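One structure below.
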Amino acid sequence: MKILQITVAVVFFLTSKCFAQKNQFIIPDSLKSKNIEYLKERLSNDSDSQKLDSIYGHSILSKAKAGNNPEKVIEAYKTVMYKSGKKTWLNYCDSIMSVALKSSNNELIGSAYLTKGIVYYHFKQESKALDNYILADQFISKTHNQYLIHKTKYSIASIKYYLGFYDESISLLKECEEYFRVHEPGNPRLLSLHLLSLCYIKTKQYNLAAATIDLGYREAINLDELTIIPYFTNAEGRNEFFKKNYKNAISKLNKSLPHFIQSNDIANTSTTNLYLGRSYWELGNKEKAVPYFKKVDETFKKDKFMKEDLIEAYYLLAQYYESKGDTTEQLKYLHGLLEAETFVSKNYRYLSKNMYRDYDLKKIADATAELKQNLSLRNKLDIIFGIIFLLVTATFTYIFCKQYQRRKIRKQRFKNLISQKIKKVKPLEIKEKIIDGEQIIKPEIVAAVSKKLEKFEESNLYLDKDFNLSKMAAIVDCNTRYTSRIISETRNKKYIEYVDDLRIEFIIDKLKNDSKYRNYTIKALTEEAGFKSPQKFKEAFTKATELTPLYFIKELKRQDYKQ
């Protein structure tokens with residue numbers, strides 16, 4: 001075997017110039033008679049040799065292409081990809097996608113999108129990962145490959161957790177855990193249990209989180225999957241933090257941290273540092289908390305990793321240095337706060353409507369700029385610093401008050417909307433004749449149309465997204481012009497607003513009385529309500545209620561948790 005390895009290496013050396021000049025790879029004579037399984041075994045055994053890896057990998061790929069089997073070619077591309085440098089992974093993903101699309105095989109196309117999504121997720125490009133997972137789901141859902149179906153669901157759930165859609169993530173993860181428990185009881189199930197426990201923590205279901213973590217521990221030990229145990233230990237630490245058992249939290253988090261550092265798991269390292277810092281902070285040991293918060297900042301600067309919950313590290317650092325009277329450091333972390341916020345908003349702008357802040361970014365930027373401008377005067381006149389401090393404090397107070405007032409108004413609108421019963425539009429009493437142009441619409445026609453409109457309002461015909469004025473006129477046995485005029489006079493609304501309001505009343509009733517609708521996407525709710533686009537649905541909902549549909553659903557879910 002050593003002789004073969006030496007021969008292959010020599011062949012590689014002698015043909016390297018040819019490889020540099022030609023794109024087409026030529027299989028060495030010593031490997032032409034070997035099958036793909038043999039080459040895969042050699043590729044695995046000789047993983048320390050990059051030259052041999054390249055020859056074995058491209059030999060596998062050449063043999064697979066010669067066989068004209070798309071599935072084998074894609075498998076070969078994946079084998080070569082994971083043995084190549086990470087910078088080439090997306091190029092290989094494009095090659096895999098090209099082969100899959102040519103095959104017209106839903107399973108291969110879906111799997112190709114899934115692979116590309118996983119690569120994007122590895123590169124911390126979560127929005128692109130989610131786009132590819134959704135495309136993967138469109139193709140894989142048409143197949144009978146349950147493993148790929150549930151692997152895709154897990155991938156989408158992981159993105160939804162990352163972006164804060166915890167309830168949707170829980171729903172998907174329960175399906176995954178149930179399937180993997182029977183068909184893939186090893187690592188796939190354990191990963192599902194771990195992510196599920198984190199979702200339970202985020203939704204304040206701490207007992208469920210503890211039970212899920214305990215199950216994960218036991219299963220990992222039984223299956224000898226010891227590398228995942230630190231993740232359950234870490235989840236236990238986070239759960240203890242939110243249960244306010246801060247000393248236990250510190251113990252568990254410290255126990256798991258070395259594993260994340262060693263495996264270069266940036267996301268879990270940074271998150272663990274945040275919770276360690278917050279635990280010490282809650283215990284009153286702010287001096288010990290600060291270094292952990294600074295590690296969150298260091299990770300952001302070095303690796304560009306930032307999540308919405310990690311931003312709190314900057315708040316607490318700014319607060320700490322403010323209490324110490326160190327304005328320079330306070331200013332530094334206020335700048336860090338703005339950079340982190342900008343990064344999150346830029347990378348997840350499609351979530352901006354779900355990001356409810358307790359502060360106004362523009363006001364913080366203005367206050368920070370003012371503080372910076374006047375900081376140089378501190379050594380000359382201490383009183384100037386005092387004035388600046390008061391201005392900044394007043395600005396923050398004003399911001400928080402305005403935000404509180406806005407939230408209070410929204411809350412009241414929500415309560416009013418919840419408390420009131422859905423009432424169908426009552427026709428107005430028409431005391432004068434309805435005139436259309438130079439003609440007077442006969443009162444008996446007005447009365448007949450108005451009566452039929454009442455029956456229409458009790459039906460669900462308006463949920464047809466192709467419903468229009470012509471169909472409405474047919475229902476009330478009148479021409480379109482008279483129908484529009486009578487609606488305007490008896491309902492005090494133009495035709496479009498009249499139908500839109502009926503649709504919004506319908507969907508509000510469903511959201512209030514049927515909890516399953518609260519887990520629907522905006523696109524799904526749009527379909528249910530009969531609107532042609534999510535944008536039209538959101539505009540009509542906001543106009544009718546002065547609340548966004550996302551806020552209304554969020555508050556309904558919050559009520560469910562309290563109950």
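The values are calculated or read from the model by the stated rules, or taken from the named source; none is laboratory data. Since we're looking at a predicted model, the values are computed, not measured. With ideal geometry, Cβ positions are generated from the backbone for all residues, glycine too; neighbour counts draw on all protein chains shown.
Observations on the structure shown:
- Counting only helices (runs of 4 or more DSSP H) that sit wholly inside segment 432-510, those with at least 2 residues that are more than 30 Å from I418 (Cα to Cα), among the polar types (S, T, N, Q) and in the same structural domain as K536 (by TED's automatic domain parsing) are 480-491.
- Any hit, segment 233-244, residues being in contact with an Asp or Glu (Cβ under 7 Å, 6 or more places away or on another chain) and buried (at least 21 other Cβ atoms within 10 Å of the Cβ): no
- Some residue of segment 460-468 being closer than 30 Å to Y551 by Cβ, modelled with pLDDT of 85 or more and among the aliphatic types (A, V, I, L, M): yes
- Selection within segment 511-536: residues that are surrounded by fewer than 17 Cβ atoms within 10 Å (Cβ to Cβ), part of a loop (DSSP other than H, G, I, E, B) and not acidic (D, E). The member of this set that is farthest from the chain's Cα centre (by Cα) is K532.
- Residue check, I250 at pLDDT 90 or above, farther than 25 Å from H122 by Cα and not in a loop (DSSP other than H, G, I, E, B): yes
- Unmet criterion (only one of (1) crowded, with 20+ Cβ neighbours inside 10 Å; (2) at pLDDT below 90) for Y561: (1)
- Residue that is surrounded by fewer than 15 Cβ atoms within 10 Å (Cβ to Cβ), at pLDDT below 80 and outside any loop (DSSP other than H, G, I, E, B), where the choices are I383, I399, I422, I388: I383
- Of all residues making up segment 61-75, the number that are in a helix (DSSP H, G or I) and either among the aliphatic types (A, V, I, L, M) or at pLDDT below 80 (or both): 8
- Filtered residues of segment 284-320 (kept if touching a residue at least 24 places away in the same chain (Cβ under 8 Å) and among the aromatic types (F, W, Y)): F293, F300, F305, Y314, Y320
- From the list S171, S192, S197, the lone residue that is part of a helix (DSSP H, G or I), of a type in the set (S, T, N, Q) and surrounded by fewer than 23 Cβ atoms within 10 Å (Cβ to Cβ) is S171.
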